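Taking it in order: structure first as structure tokens, then the write-up.
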Amino acid sequence: MGAMGEKRGPILVIDDDPDLCDILARTLRHDGWEVVTASDGMRAIRAFELNRPAMLFVDLMMPHLDGEELLRVLGAPRPPVVLITASIRREEVAKRFGIEDTLEKPFDIEAVKALANKYLS
């Protein structure tokens, strides 16, 4: 936590579903996190460069540049990443990129909050 009990961030949420991005952003902001969203991998690269996030929630299946390609572009080291996807490949991709946590869609919003606190508190 930062000064005066404020949580740090920002957290970058990357998903092509605008409703899911909105739900995640509102939930994390309600818990005190600064949140930036991107609707695809190309926008995520720009948001990453501008905001230098402390953590990423990344969907695997997106237009223009999917989550797996985004992770290749970002390279390492990078902030903690949580994959959020319905893809059956999530565990395979997580292992390849050294990602510890994944969330299968649909997921419990409490799990998102717990993961933000795990990595950033």
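When the stretch 20-49 is examined, which residues are found to be outside any helix (DSSP H, G or I) and either closer than 12 Å to Gly67 by Cα or touching a helix residue (DSSP H, G or I) at 6+ places or on another chain (Cβ under 7 Å) (or both)?
Asp31, Trp33, Val35, Val36, Thr37, Ala38, Ser39, Asp40, listed by residue number.
Do you know which residues across the stretch 51-96 are in a strand (DSSP E or B) and of a type in the set (Ser, Thr, Tyr)?
Thr85
In this structure, does Asp17 turn out to be within 20 Å of Glu104 (Cβ to Cβ), in contact (Cβ under 8 Å) with a residue 12 or more places away in the chain and crowded, with 19+ Cβ neighbours inside 10 Å?
Against the criterion (within 20 Å of Glu104 (Cβ to Cβ), in contact (Cβ under 8 Å) with a residue 12 or more places away in the chain and crowded, with 19+ Cβ neighbours inside 10 Å), Asp17 does not qualify.
Can you name every residue in the stretch 93-113 that is over 22 Å from Leu70 (Cβ atoms) and either surrounded by 12 or more Cβ atoms within 10 Å (Cβ to Cβ) or in contact with a strand residue (DSSP E or B) (Cβ under 6 Å, 6 or more places away or on another chain) (or both)?
The answer is Ile109, Lys113.
Could you please give the count of residues in the stretch 45-80 that are in contact with a Phe, Trp or Tyr (Cβ under 9 Å, 6 or more places away or on another chain), crowded, with 19+ Cβ neighbours inside 10 Å and touching a residue at least 40 places away in the same chain (Cβ under 8 Å)?
3
Working carefully through the options Gly9, Gly5, find the one that is modelled with pLDDT under 95, surrounded by 19 or more Cβ atoms within 10 Å (Cβ to Cβ) and of a type outside the set (A, V, I, L, M, F, W, C).
Gly9
I'd like to check something: does the stretch 111-119 contain any residue that is free of Cβ contacts under 8 Å to residues at least 60 places away in the same chain, assigned to a helix (DSSP H, G or I) and more than 18 Å from Arg26 (Cα to Cα)?
yes
Restricting the search to the stretch 66-95, which residues are of a type in the set (A, V, I, L, M, F, W, C) and within 15 Å of Val13 (Cα to Cα)?
Result: Leu70, Leu71, Leu74, Val81, Val82, Leu83, Ile84.
The values are calculated or read from the model by the stated rules, or taken from the named source; none is laboratory data. These numbers were taken from a predicted model, which means no experiment stands behind them. So basically every Cβ, Gly included, is an ideal-geometry build from the backbone, and we count neighbours across all protein chains shown.
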